[in-house]
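Participant: Quick one: structure below, then a few questions.
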Amino acid sequence: MSATLPTPGNTAMGPKGSSTGDAWGSFSKAFEMAQVNVTHRARLGSIWPLFELTGDRNQEHVQVIRDYLDPLVQSALEDRKRREVAGVSSAIAEKTFLQHLVENTDGEHVAFPAEFIC
């Protein structure tokens, strides 16, 4: 909510509109591009890896997304530890989605079975 607004006529355009040059703008642009790449892969079907023999098109976008989200997840995990030590718990209606997720996991990484990875 506190991010700057795009400057008309002087802003980067993504596939879904304009974005700002701050961290939020970088994240949103990378997220949009990752969605475009995943949609393109879905249209190609099981042969999509043949079109990315020279490299993963999503790798740089995923890195930008992780750079933005990892500190938020780490902060939520640390907050969970502080709440556990203090013995504080709250009703599900009072939690954010991220707080609910970190209370139901043991760490920041989840291993998916091979059939879920495309």
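Just so you know, all these numbers are worked out from the coordinates, no wet-lab data involved. Note that the coordinates shown come from a computational prediction; the quantities given were computed from them, not determined experimentally. Glycine gets a Cβ as well: all are built from the backbone with ideal geometry, and neighbour counts include every protein chain shown.
Participant: Please get the size of the charge dipole for segment 14-107, origin at its Cα centre, with Cβ charges of +1 on Lys and Arg and -1 on Asp and Glu, quoted in debye to the nearest 20. Write out the running numbers ahead of the final one.
Facilitator: Values: 11 positive and 13 negative charges, 52 e Å.
Using Cβ point charges on Lys, Arg, Asp and Glu, segment 14-107 gives about 260 debye.
Participant: Let me ask something else about it. Label segment 14-107 by shape, choosing from rounded, prolate and oblate, from the square roots a ≥ b ≥ c of the eigenvalues of the Cα gyration tensor; if a/c is under 1.5 it is rounded, and otherwise prolate applies when a/b is larger than b/c, oblate when it is not. Intermediate results must be reported in sequence, preceding the final value.
Facilitator: Numbers: a/c = 2.75, a/b = 2.07, b/c = 1.33.
Because a/c hits 1.5 or more and a/b exceeds b/c, segment 14-107 counts as prolate.
Participant: What's the FRET efficiency of Glu94 with His40 using the Cβ-Cβ distance as r and R₀ = 41 Å, to the nearest 0.05?
Facilitator: The pair Glu94/His40 has a calculated efficiency of 0.55.
Participant: Run the simple label-point estimate for Arg82 and Leu69 please: 7 Å along Cα→C-beta, distance reported in nm.
Facilitator: According to this spin-label approximation, the distance is 2.3 nm.
Participant: Taking neighbour Cβ counts within 10 Å as the exposure measure, how do Ser28, Ser90 sort from fewest upward? Write out the running numbers ahead of the final one.
Facilitator: Numbers: Ser28 21, Ser90 10.
Ordered by Cβ neighbours within 10 Å, fewest first: Ser90, Ser28.
Participant: For a footprinting-style exposure proxy, rank Glu84, Glu94 by other Cβ within 10 Å, fewest first. Spell out each step's value before the answer.
Facilitator: Values: Glu84 11, Glu94 8.
Ranking Glu84, Glu94 by Cβ neighbours within 10 Å, fewest first, gives Glu94, Glu84.
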